[in-house]
Amino acid sequence: MSPSPVAAFVAALPKVELHLHLVGSASLDTVLALARRHPGGGVPTDRDELRRFYGFTDFPHFLTVYHRVNRLVTTGADVVTLLDGLAAELALRSVRYAEVQVTPVRNHMAGIGYADLAAALADGRALARERHGVELGWVFDADAALGPAGAEETVDFAVRHRPEGTVGIGLGGPEAGVRRADFAPAFRRAVAAGLHSLPHAGETVGPDEVWAAVTELGAERVGHGIGAAGDPRLLEHLAEHGIALEVCPVSNLRTGAVRDVAEHPLPALVAAGVPVTLATDDPGMFHTDLDAEYLLCHEAFGMGVAELAAIARTGARAAYCPTQLRDSLLAEIDRVEAAHAR
Ligand code: ADE
Ligand code: ZN
């Protein structure tokens, strides 16, 4: 069966992906290989069992599973393997540029030295460009579970090693019971060193923490940010200041952050004029890819070619990629849209 006209358009559309985590991007095959190398690691070594292992009861359960998989990634060579697989998958979905969230303190806890991590990122980035034609940037995210001290260590890594392609500082992990504001000193130091502020906020909690990300952490984009939907003044602020949200609909459904696709606030965010980009978050764990996220917007929210092209443009504009790459992406989006417009 040939793909629907919108599916063909999405497949051809050149895209950027601004929110995905290195460990969460690992394919089932890659995780199985790692799990078989570390059979005591608490991650299934059988494919069907691994699929079931990725059935998340709620967001805290997802984070527990994520940390188990993270602990299997123990060498710089493992990191390069992950980046090779990720870039191959991105190329398959016409993704030309991606910003990858790397959690150096968690990688270090799994046994990778900081210098080895920096060298692996450099090797993986070169390989992504040369073998797959995909440009990668890095967002070094602190895990909120490790507190402000973990965020300071994350900034230390980013500032001391600053692998080529370094874009910004992030903040992931749990939100409930954690205040974004506590991370302000680390973010101030990162921003003073020239890094962009790109924290998660409003993934599982409401608008207050998105406000905190913006006012206390100086967020220039927000990971998820869907909790903003309850606050019209916040939506106005995001729209007015061009603060884009990295929205990951399939992730929200799989972690239970949103119960039903019909309740997902993405259409309301777009209607409020907030810049919305689409991303996969942890595609290997959520069984998704960027084309699937675009198609979900078509199927669940009724978005057509023009609306999907607008989201791709928002992503290109919100990306911290080289200007030339952005310009060529925008020109190509126009061409692909014109070829598929009816
Ligand atoms: N780490 C990996 N995926 C994450 C997510 N969706 N939210 C917060 N931290 C994460
Ligand atoms: Zn995330």
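Looking only at region 136-156, how many residues end up being crowded, with 23+ Cβ neighbours inside 10 Å, in contact with a Pro (Cβ under 9 Å, 6 or more places away or on another chain) and not charged (D, E, K, R)? Selection size over region 136-156: 6. Residues in region 249-277 that are over 17 Å from G55 (Cα atoms) and not β-branched (V, I, T): 12 in all. Residues in region 134-149 that are farther than 18 Å from T64 by Cα and either of a type in the set (K, R) or outside any strand (DSSP E or B) (or both): V134, P148, A149. The criterion of at least 1 residues that are within 16 Å of ligand 2 (Cβ to nearest atom), among the polar types (S, T, N, Q) and touching a His at 6+ places or on another chain (Cβ under 9 Å) is met, among helices (runs of 4 or more DSSP H) falling completely within region 159-277, by 249-254.
Based on what the data block shows, is A331 exposed (fewer than 15 other Cβ atoms within 10 Å of the Cβ) and in contact (Cβ under 8 Å) with a residue 24 or more places away in the chain?
no
Regarding V69, is this residue of a type in the set (V, I, T), closer than 30 Å to V178 by Cα, in contact with a strand residue (DSSP E or B) (Cβ under 8 Å, 6 or more places away or on another chain) and modelled with pLDDT of 95 or more? Outline the logic, then answer.
On the way: of a type in the set (V, I, T): yes; closer than 30 Å to V178 by Cα: yes; in contact with a strand residue (DSSP E or B) (Cβ under 8 Å, 6 or more places away or on another chain): no; modelled with pLDDT of 95 or more: yes.
No, not satisfied.
For region 69-83, enumerate the residues that are in a helix (DSSP H, G or I) and buried (at least 17 other Cβ atoms within 10 Å of the Cβ). Break it down into steps so the answer makes sense when it comes.
Here is the first cut: in region 69-83, the ones in a helix (DSSP H, G or I) are 69-70, 76-83.
Listed by number, the residues that qualify are V69, N70, G76, D78, V79, V80, T81, L82, L83.
Results for (1) surrounded by 16 or more Cβ atoms within 10 Å (Cβ to Cβ); (2) within 16 Å of ligand 1 (Cβ to nearest atom); (3) more than 30 Å from E332 (Cβ to Cβ), shown as yes or no for each residue.
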| site | (1), (2), (3) |
| --- | --- |
| E89 | yes, no, no |
| L92 | no, no, no |
| T103 | yes, yes, yes |
| G124 | yes, no, no |
| V134 | yes, no, no |
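If you go through region 176-202 and keep only what is touching a helix residue (DSSP H, G or I) at 6+ places or on another chain (Cβ under 7 Å) and within 14 Å of ligand 1 (Cβ to nearest atom), you end up with V178, R180, F183, P199, A201, G202.
Restricting region 48-68 to residues that are part of a helix (DSSP H, G or I) and among the charged types (D, E, K, R) leaves a set whose member that is nearest to the chain's Cα centre (by Cα) is R68.
Taking the condition modelled with pLDDT of 95 or more, assigned to a loop (DSSP other than H, G, I, E, B) and either more than 16 Å from ligand 1 (Cβ to nearest atom) or under 21 Å from H224 (Cβ atoms) (or both), does T45 pass?
yes
Select from region 109-120 the residues that are touching a Phe, Trp or Tyr at 6+ places or on another chain (Cβ under 9 Å) and within 16 Å of ligand 1 (Cβ to nearest atom) and list them in ascending order.
Passing the criteria: none in range.
The values are calculated or read from the model by the stated rules, or taken from the named source; none is laboratory data. All figures in this text were calculated on a predicted structure; none of them were measured in a lab. Quick reminder, even Gly has a Cβ in these numbers, built from the backbone with ideal geometry, and neighbours come from all protein chains shown.
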